[in-house]
Amino acid sequence: MTMMSDKKKEKLKGRIQEKLNSWKDSAEHLHVQLHLGAEEAKDEFEKQKRNLDDWIKIQSKKLHSVKDISQEKASQIKTALEELQVQAALGKAETEDALKEQQAKLSNSIHDLKLLINKNYSRVKGNTTELIEEINETLDDYHTRFDLFRLQTHLAKMDTTESWNEKKKELSAKLNDLGKKLEREKEKASERLDDFSDEMSEAWSHIRKAFKSK
């Protein structure tokens with residue numbers, strides 16, 4: 001029993017460490033993106049579209065191999081994945097309006113896919129649970145990135161450099177606070193994955209709200 005308990009503890013610590021590293025990487029990426037210039041942000045947007053397209057191809061195969069849901073639900077997921085992939089594979093937007101439209105559609109498609117996954121895979125168990133958690137976290141990461149792109153495009157069109165600088169300071173402070181919280185949690189979260197995940201998910205939800213364009 002003791003050995004099993006020790007193994008479970010080690011596995012738990014490993015999963016928490018993975019989550020910590022993933023969240024820290026996401027926060028760092030957002031911090032870098034936040035300080036990109038207008039043209040750099042457009043180039044980064046195209047890069048993230050390509051990354052998302054590649055990621056979808058890999059995850060589609062994994063999700064299609066899951067046997068825990070009905071054929072009807074699997075078909076719904078497939079349709080949502082294909083819609084998101086269509087948006088990610090679009091060519092470079094040549095106008096500001098086209099750019100805003102692409103950003104909005106990508107954000108909406110990610111949102112729709114997350115809802116379907118959470119609805120259709122809510123009762124899965126075992127390894128599938130970890131797969132769904134991983135997919136959800138990555139989708140959340142892309143969702144936040146594309147929300148930031150929308151925010152950057154929205155504020156860049158306005159002749160309010162001072163407002164954008166203030167917004168950057170606000171967002172930068174939130175990301176710094178999150179980074180400090182992640183460091184603190186590293187020490188005390190080793191045996192309470194559920195509580196840890198809930199706390200950090202709540203912290204991330206506040207970050208994501210802050211990155212949404214008005």
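The values are calculated or read from the model by the stated rules, or taken from the named source; none is laboratory data. Since the model is a prediction, treat every value here as computed from it, not as a measurement. When we count neighbours, we look across all protein chains shown, and the Cβ atoms used for this are built from the backbone with ideal geometry, even at glycine.
Structure notes:
- Entry remark, segment 83-102: residues being modelled with pLDDT of 90 or more and not aliphatic (A, V, I, L, M) number 7 in total.
- Taking the conditions (1) surrounded by 15 or more Cβ atoms within 10 Å (Cβ to Cβ); (2) over 20 Å from the mean Cα position of the chain (by Cα); (3) not hydrophobic (A, V, I, L, M, F, W, C) in turn, residue 33 satisfies each one other than (2).
- Looking across segment 29-43 at every residue that is part of a helix (DSSP H, G or I) and touching a residue at least 24 places away in the same chain (Cβ under 8 Å), the one that is farthest from residue 128 (Cα to Cα) is identified as 38.
- Hits in segment 149-172 (condition: among the aliphatic types (A, V, I, L, M), modelled with pLDDT of 80 or more and touching a Lys or Arg at 6+ places or on another chain (Cβ under 9 Å)): 151
Each row is one residue, and each column tells you yes or no for (1) in a helix (DSSP H, G or I); (2) closer than 19 Å to residue 207 by Cβ.
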| residue | (1), (2) |
| --- | --- |
| 99 | yes, no |
| 104 | yes, no |
| 109 | yes, no |
| 115 | yes, no |
| 118 | yes, no |
| 123 | no, no |
| 141 | yes, yes |
| 145 | yes, yes |
